[in-house]
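Q: The structure's right below; bear with me while I get my questions together.
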Amino acid sequence: MRGRMGLLVSGLKYEHREIILRDKPAHMLEVSPKGTVPVFIKSDGEIIDESLDLLNYALSQNDPQGWLDCDLKAANALIADNDGPFKQHQDRYKYASRYDDTANRGDVDLSHRSKAEGFIQTYERTLSTTTYLMGAKQTIADIAIFPFIRQFANTDKNWWNGAPYPAVREWLTRHLDSDLFKTVMTKYPLWVSG
């Protein structure tokens, strides 16, 4: 999602191929054997198969919204915390049965939700005094992080709606209501080889 947002904002021309992950095309696995999305093939043949790398690549080509116009060291530190420890706790909260043999499919792990909340609390303190994670304007940190907060919020919407994080909810809603997010979420016809 975040790589595609970077592509759309940058205005780079590319061919979009919609696939079903449980039925991965052979060509996709040839160019990126790890079998995850995104898979972006640059004109020189180089493969980008990480969403954050694709976001950074797209913005390095053209950044009309100025998402890189921030303290990149601080933004990258926030993103690293999100993609590392926060995501680990979020995954264990959301998909407890993947990590705990005694959990049933659909179970959540509230101890990991509590640990993930430490990050949400940090965002809440920041967003209580400013519009975005890095200040008054949207940056790469917001774009890189909000999809994960969306997943966290969707795990238990009733709990999330009553959780003590109004500033984070408002920030997330602003992203979810954006034209960019709505465009990224557009469903495309399934790509078929040939």
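Q: For the stretch 60-97, give me each residue that is at pLDDT 95 or above and not in a helix (DSSP H, G or I).
A: Selection gives Asn62, Asp63, Pro64, Gln65, Gly66, Trp67, Leu68, Asp69, Cys70, Asp71.
Q: Condition test on Ala153, is it at pLDDT 95 or above, closer than 17 Å to Val108 by Cα and crowded, with 19+ Cβ neighbours inside 10 Å? Please lay out each step first, then the result.
A: Details: at pLDDT 95 or above: yes; closer than 17 Å to Val108 by Cα: yes; crowded, with 19+ Cβ neighbours inside 10 Å: yes.
Judged against the criteria, Ala153 is a match.
Q: So, one more: Hey, can you tell me all the residues within the stretch 126-184 that are outside any helix (DSSP H, G or I) and of a type in the set (Phe, Trp, Tyr)? Before the answer, list the steps.
A: In the first step, residues of the stretch 126-184 are kept if they are outside any helix (DSSP H, G or I); the result is 128-139, 156, 163-165, 177-178.
The answer is Tyr132, Tyr165.
Q: All but one of (1) surrounded by 11 or more Cβ atoms within 10 Å (Cβ to Cβ); (2) more than 15 Å from the chain's Cα centre (by Cα); (3) at pLDDT 95 or above hold for Trp191; state the number of the condition that does not hold.
A: (3)
This table checks each residue for (1) touching an Asp or Glu at 6+ places or on another chain (Cβ under 9 Å); (2) at pLDDT 95 or above.
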| site | (1), (2) |
| --- | --- |
| Gln138 | no, yes |
| Ile149 | no, yes |
| Pro166 | yes, yes |
| Lys182 | no, no |
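Q: Go through (1) out of contact with any His (no Cβ under 9 Å at 6 or more places or on another chain); (2) in a helix (DSSP H, G or I); (3) of a type outside the set (Asp, Glu) one by one and return the number of the condition Arg4 breaks.
A: Single failed check for Arg4: (1).
Q: Can I ask one more? Among (1) modelled with pLDDT of 85 or more; (2) farther than 30 Å from Ala136 by Cα; (3) surrounded by 13 or more Cβ atoms within 10 Å (Cβ to Cβ); (4) not assigned by TED's automatic domain parsing to the domain that holds Phe152, which single condition is Tyr57 missing?
A: (2) is the only condition that Tyr57 fails.
Q: Working only within the stretch 36-51, note down all residues that are out of contact with any strand residue (DSSP E or B) (no Cβ under 8 Å at 6 or more places or on another chain) and part of a loop (DSSP other than H, G, I, E, B). Give the derivation first.
A: Quick first cut of the stretch 36-51, residues out of contact with any strand residue (DSSP E or B) (no Cβ under 8 Å at 6 or more places or on another chain) only: 36-37, 43-46, 50-51.
Scanning the stretch 36-51 gives Thr36, Val37, Ser43, Asp44, Gly45, Glu46, Glu50.
Q: Exactly one of these conditions fails for Tyr93: (1) of a type in the set (Phe, Trp, Tyr); (2) out of contact with any strand residue (DSSP E or B) (no Cβ under 8 Å at 6 or more places or on another chain); (3) outside the structural domain of Asp142 (by TED's automatic domain parsing). Give me its number.
A: Result: Tyr93 fails condition (3) only.
Q: Sticking with this one: Determine which single condition Tyr93 fails, assuming it passes every other condition in (1) touching a residue at least 60 places away in the same chain (Cβ under 8 Å); (2) crowded, with 18+ Cβ neighbours inside 10 Å; (3) under 27 Å from Leu7 (Cβ atoms).
A: Only one criterion in (1) touching a residue at least 60 places away in the same chain (Cβ under 8 Å); (2) crowded, with 18+ Cβ neighbours inside 10 Å; (3) under 27 Å from Leu7 (Cβ atoms) is unmet by Tyr93, namely (3).
Q: Hey, another quick one. Restricting to the stretch 7-47, name every residue that is in contact (Cβ under 8 Å) with a residue 24 or more places away in the chain, within 19 Å of Trp191 (Cβ to Cβ) and either surrounded by fewer than 10 Cβ atoms within 10 Å (Cβ to Cβ) or more than 16 Å from the chain's Cα centre (by Cα) (or both). Reasoning before the result, please.
A: If we filter the stretch 7-47 for residues that are in contact (Cβ under 8 Å) with a residue 24 or more places away in the chain, which is where we start, we get 7-12, 14, 16-20, 25-27, 38, 40.
Narrowing the set further to residues that are within 19 Å of Trp191 (Cβ to Cβ) leaves 7-8, 12, 14, 16-20, 25-27, 38, 40.
Once the filter is applied, which keeps residues that are in contact (Cβ under 8 Å) with a residue 24 or more places away in the chain, within 19 Å of Trp191 (Cβ to Cβ) and either surrounded by fewer than 10 Cβ atoms within 10 Å (Cβ to Cβ) or more than 16 Å from the chain's Cα centre (by Cα) (or both), the stretch 7-47 yields Leu12, Tyr14, His16, Arg17, Glu18, Ile19, Ile20, Pro25, Ala26, His27, Phe40.
The values are calculated or read from the model by the stated rules, or taken from the named source; none is laboratory data. The structure presented is a predicted model; accordingly, all values stated were derived computationally and were not measured. Heads up, the Cβs are rebuilt from the backbone with ideal geometry, glycines too, and the neighbour counts pull from every protein chain shown.
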